[in-house]
Amino acid sequence: MRHDGRIIDNMQQDNIQKQDKTQYQAELLENRISKRYKHLRKWAKRTGVFCFRLYDRDIPEIPLAIDIYEEEPDASKAMGHDESAGGDSSATSNKGRMFARIALYERPYEKQEDEELAWLNAMKASVAKVLGIPEDAIITKVRRRQSGDSQYEKEDVKTLAFITREQGLRFKVNLSDYIDTGLFFDHRPLRLTVQGEAAGKRVLNLYCYTGAFSVYAAAGEAAHIDSVDLSGKYLGWAEENMRLNGFSDKSKYRFIEGDVTTFLANVSGKIAPAAEKRDKHQNGKHENAGYDIIILDPPTFSNSKKTDTMLDINRDWPSLIESCTSLLSENGVLYFSTNSRKLAFDEKKIPEDFSAKDITSSTIPEDFRNERIHRVWKIQRKNRKTEIIHGYFPQNS
């Protein structure tokens, strides 16, 4: 019995130590995000950003990503939401409801489910305290490596979706149903760059997801935008985001459902050198003159059941870039971005008549302390003119 008693005492002692460690980490997190929030909320107000990254594994022992989302003022009434969560949303308030989303990165070791839940609840309490919101306004997720169509699958939870704003534009976000919410914060600066360059341009947005780049391009008065994605669900979301901002002209804004690599393979070979012809842009003819801006932001890996092709960006990036550059107009620009840290970019592997410039440092937003969140290259033609053979561009079915 003494032996059993010692076992019980040891178990109790172990639980106490775990509780003490959890409480200590909760206090660390509270102190960390309190300082960060004080700075970022001023920056967000100044720049018109309603949603941003508050914390991203700043403390290695607390492997969380914490994002803040503020609902568009008065949008909760328009969408018929419950007023009980997310703070004050009364008619006298100039702010919409606030929510937070906590994502737990997959740990390199196993942790008991009940122990992990208790730890997450303690972290959630710290976030709620700092932000001044109820705990039921905080969504928790676990980020794991995705495969197949898992990134597209809807989870069986109560939906929390609403309209938010970013730099003067409106976007629908969904905090509950999927691993990602519909808006990638880390590309906010690059989206603004595209907006500033888009006037009168033809834009191709590949792997467009929910169309944030397309919305910015339209806001920049692009002449034409094609958005391509394998997921009909996300294309519908992209079209909704465009409509939210008043962009609904189907002759200018097309949404093409299909595998991007197949789309590009069909396009390749349709370009001819314009050796003796003036660039069609100079004559005001844009319909078959190539794309002036292409955004290529593919997933690191994709093997969807919807297509026979498999994408491994670490392997396939040279062929993707080659296909994209063949579609660029004379002065066109390709923005290639990746989240893969393993991708070994080599300018010698892109077409020899193009050059690449690493512009990553100018594309990392204020709310991301992790400067390795992505990498971006700006790829342009050196001295060759091209045109697209008449009639190629696919129509949206």
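The values are calculated or read from the model by the stated rules, or taken from the named source; none is laboratory data. Only a predicted model underlies this, so the values are computations on that prediction, with no experimental measurement involved. Quick reminder, even Gly has a Cβ in these numbers, built from the backbone with ideal geometry, and neighbours come from all protein chains shown.
At a glance:
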item	result
Residue check, ARG278 assigned by TED's automatic domain parsing to the domain that holds GLY220, among the basic types (Lys, Arg) and at pLDDT below 75	yes
Residue list for the stretch 293-324, restricted to those being over 28 Å from LEU192 (Cβ atoms) and aliphatic (A, V, I, L, M)	MET310
Boolean, GLU113 is at pLDDT below 95 and over 27 Å from GLU366 (Cβ atoms)	yes
Among the residues listed as GLU330, GLU287, the single one being of a type in the set (Asp, Glu), within 27 Å of VAL215 (Cβ to Cβ) and either touching an Asp or Glu at 6+ places or on another chain (Cβ under 8 Å) or modelled with pLDDT of 95 or more (or both)	GLU330
Residue within the stretch 135-147 that is acidic (Asp, Glu), more than 30 Å from ARG41 (Cβ to Cβ), assigned to a helix (DSSP H, G or I) and at pLDDT 95 or above present	no
The stretch 175-195: number of residues that are among the charged types (D, E, K, R) and farther than 21 Å from ASP358 by Cβ	2
Residue in the stretch 71-93 that is exposed (fewer than 15 other Cβ atoms within 10 Å of the Cβ), modelled with pLDDT under 95 and in contact with a Phe, Trp or Tyr (Cβ under 7 Å, 6 or more places away or on another chain) present	yes
Enumeration of residues in the stretch 329-373 that are among the acidic types (Asp, Glu) and not in a strand (DSSP E or B)	ASP346, GLU347, GLU352, ASP353, GLU366, ASP367, GLU371
Pairs, first in a loop (DSSP other than H, G, I, E, B) in the stretch 305-323, second at pLDDT below 95 and β-branched (Val, Ile, Thr), C-beta under 6 Å, six or more apart	THR309/THR261
